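First up is the structure itself, then whatever we jot down about it.
The values are calculated or read from the model by the stated rules, or taken from the named source; none is laboratory data. Computed from a prediction, not measured in an experiment: that's the story for all the values here. Using ideal geometry, Cβ is built from the backbone for each residue, glycine included, and neighbour counts are taken over all protein chains shown.
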Amino acid sequence: MSNNKSLYVQYGCGLSCPEGWVNFDSSPTLRLQRLPLVGKVFRRPPVIFPDGVRVGDIVGGLPIEDNSVSGVYASHVLEHLSRDNFVVALANTFRMLKPGGIFRLIVPDLEARARLYLQRQDDPLANDWFMEASHLGVSQRTQGLTSWLRDLLGLSKHLWMWDERSIRKLLDQQGFIEIRRCQFNDSADPIFRAVEDRARFYDDYLGVEECAMEAVKPATKV
């Protein structure tokens, strides 16, 4: 994709495909649905990807030119990467942003869940609650080819959990500036309002605020 002063990229988009954004996902289901001729066989509820969603993996690199993107958004996808791949994803995000470009990300907040866990000291099953609330571990081995593939690819589990301090540190190491904890629809760039969903910023069931961060690529890498 060529330079475009109004280019905005969302990766790990799932079924979210707002206009004005280039939306990527690496789901195996999406890849099957995009197969020539036979792809329509895999377009079945409940997961039917919008036609505008493109196959793309932030770790392998997206087909986006360096220094060409005004904004990047990643909601509840980075926790599904290993720690090393998380760092690669940040590097690739930084690479495609133009100077002054904004990166906004959301991941489940490990610290918020840990605080709730510590409040359940009298609950002998607090450990089970924490693992389930964090989507960590394996409580039961699944059967069948589909379940095996999902476990192999790590599509349903969180491979690494994050809090504000750890993400802030890695964003800083990558060269981002103006790093801050952000809130739903509080970006200075109104284009982000088309892609953001309040339910991704707050887990109303657990009663916690997720770890949403914003950072900016400087005019020159520091």
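Which of the residues spanning segment 41-76 are touching a residue at least 60 places away in the same chain (Cβ under 8 Å), among the hydrophobic types (A, V, I, L, M, F, W, C) and out of contact with any Phe, Trp or Tyr (no Cβ under 8 Å at 6 or more places or on another chain)? Answer for segment 41-76, where residues must be touching a residue at least 60 places away in the same chain (Cβ under 8 Å), among the hydrophobic types (A, V, I, L, M, F, W, C) and out of contact with any Phe, Trp or Tyr (no Cβ under 8 Å at 6 or more places or on another chain): just 64. Taking the conditions exactly as written (surrounded by 17 or more Cβ atoms within 10 Å (Cβ to Cβ), small (Gly, Ala, Ser) and either out of contact with any Ser or Thr (no Cβ under 6 Å at 6 or more places or on another chain) or touching a residue at least 12 places away in the same chain (Cβ under 8 Å) (or both)), does residue 6 satisfy them or not? No, not satisfied.
Take the conditions (1) surrounded by 13 or more Cβ atoms within 10 Å (Cβ to Cβ); (2) among the small types (Gly, Ala, Ser); (3) within 21 Å of residue 218 (Cα to Cα); residue 26 misses just one of them, which is (3). Restricting 52, 71, 60, 39 to residues that are exposed (fewer than 14 other Cβ atoms within 10 Å of the Cβ) and in contact with a strand residue (DSSP E or B) (Cβ under 8 Å, 6 or more places away or on another chain) narrows the list to 52.
Figure legend. Inter-residue proximity from segment 18-40: first residues of a type outside the set (Asp, Glu), second residues in a loop (DSSP other than H, G, I, E, B) and modelled with pLDDT under 90, beta-carbon distance below 6 Å, spacing 6+ or different chains. Indicated pairs: 33/43. Say whether the condition of being under 20 Å from the mean Cα position of the chain (by Cα) and crowded, with 18+ Cβ neighbours inside 10 Å is met by at least one residue in segment 125-132. Within segment 125-132, none of the residues are under 20 Å from the mean Cα position of the chain (by Cα) and crowded, with 18+ Cβ neighbours inside 10 Å. Only residues that are loosely packed, with under 13 Cβ neighbours inside 10 Å and in contact with a Phe, Trp or Tyr (Cβ under 8 Å, 6 or more places away or on another chain) were counted in segment 165-196, giving 1. In this structure, does residue 199 turn out to be at pLDDT 95 or above and part of a loop (DSSP other than H, G, I, E, B)? So residue 199 fails the test.
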